[in-house]
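The values are calculated or read from the model by the stated rules, or taken from the named source; none is laboratory data. Model, not experiment: these values are computed from the prediction. With ideal geometry, Cβ positions are generated from the backbone for all residues, glycine too; neighbour counts draw on all protein chains shown. Calculation scope for accessible area: heavy atoms of the full protein, side chains included, ligands and nucleic acids excluded. Shrake-Rupley method; radii C 1.70, N 1.55, O 1.52, S 1.80 Å.
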Amino acid sequence: MQEVSTPVAIFKALTEFVRQSTAPTMSEFMQTLENASRLIREDSATNASSRRSLDLFMRFVTRNSHDFSLSEEARSFEDFKGNLLSRAALILDKASMARERAAEVGAQFVRDNAVILVQAYSRVIMSVLYHAANVQNKRFKVYVAEGRPNSDGIQAVDALRAAGIPCRAVLDSAVGYIMDKVDMVFVGAEGVVENGGVINQIGTYQIALVANALSKPVYAVAESYKFVRVYPLNQYDLPSETPDIVSFASRRKSFSTSGPTGVDEIAASNPSVDYTPPQYLTLLLTDLGVLTPSGVSDELIKLYL
């Protein structure tokens, strides 16, 4: 359970970049850092939490350069780098504990003898289930949505069975069928947006829709470093490329036999994430505590001020 999330890995990578930087001046240093950030951003174009980590790091550097220039201890550029690295280490220490704290908060909502549905594989959701089972000694069963096209849910089932937690994988298309047997739904998040909705692995939105229709609570569990300054209005307003699935070139071409048929081809022409609006989420369970979706904007203001 010590796997490092993508945002933390990016923050660590940029911190190491600062440590190894040989730029002699502040202006050259900022230019090389911005170039490195741009390269990472291009490789992480569809990951909301990656963009959040990049934005926070650049803001962190800019803010510290300003504070250091005004402080009495300001001496040289090397002193600034030392100060920056020491503060970055403190942030990374806090970030490394965020998943554990979110798991402790989330586990409080797992009821004894409950039947839980989770979406595919999520590190923080696995932490919640482990904490509820091994620390709080709760008994429960878990349905795991398969999570096509990568079928990450199979990985989750293997891990839960190894931990002695009763579980079963279900087809994504069978979620509506088994929802009546479910007491609660837990989903992770690649990003928590300004209005309290979540961006997560494809299929999360339809799970939340079915759960809402049958009055089942949906809990989104996320670390606070995944809060992003994005305000999508619909599924196609996400900061990523809209896949081919939403367009048809022509009637003849759209329904010809030359369309994608293999799993890899279908995955390439379909979205990897979707957006679940806040009205379909019961609560957000984070390392900052329990939040209503409307409380996310307040936390974002605190983080960015």
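If you go through the range 142-167 and keep only what is surrounded by fewer than 18 Cβ atoms within 10 Å (Cβ to Cβ) and touching a Lys or Arg at 6+ places or on another chain (Cβ under 8 Å), you end up with just Pro166. Applying the criterion of at least 1 residues that are closer than 17 Å to Pro271 by Cβ and touching a helix residue (DSSP H, G or I) at 6+ places or on another chain (Cβ under 9 Å) to the helices (runs of 4 or more DSSP H) found wholly in the range 124-230 leaves 204-213.
So which residues in the range 5-22 are touching a residue at least 24 places away in the same chain (Cβ under 8 Å) and hydrophobic (A, V, I, L, M, F, W, C), if there are any at all? Answer for the range 5-22, where residues must be touching a residue at least 24 places away in the same chain (Cβ under 8 Å) and hydrophobic (A, V, I, L, M, F, W, C): Val8, Ile10, Phe11, Ala13, Leu14, Val18.
The residues in the range 1-26 that are surrounded by 12 or more Cβ atoms within 10 Å (Cβ to Cβ) and of a type in the set (Ser, Thr, Tyr) can be counted, and the count is 4.
Taking the criterion of being more than 16 Å from the chain's Cα centre (by Cα) and either crowded, with 18+ Cβ neighbours inside 10 Å or acidic (Asp, Glu) (or both), the residues of the range 292-302 that qualify are Asp298, Glu299.
Of all residues being of a type in the set (Val, Ile, Thr) and under 12 Å from Ile125 (Cα atoms) in the range 78-112, which is most open to solvent (accessible area, probe 1.4 Å)? Just the residue, please. The qualifying residue most open to solvent (accessible area, probe 1.4 Å) is Val105.
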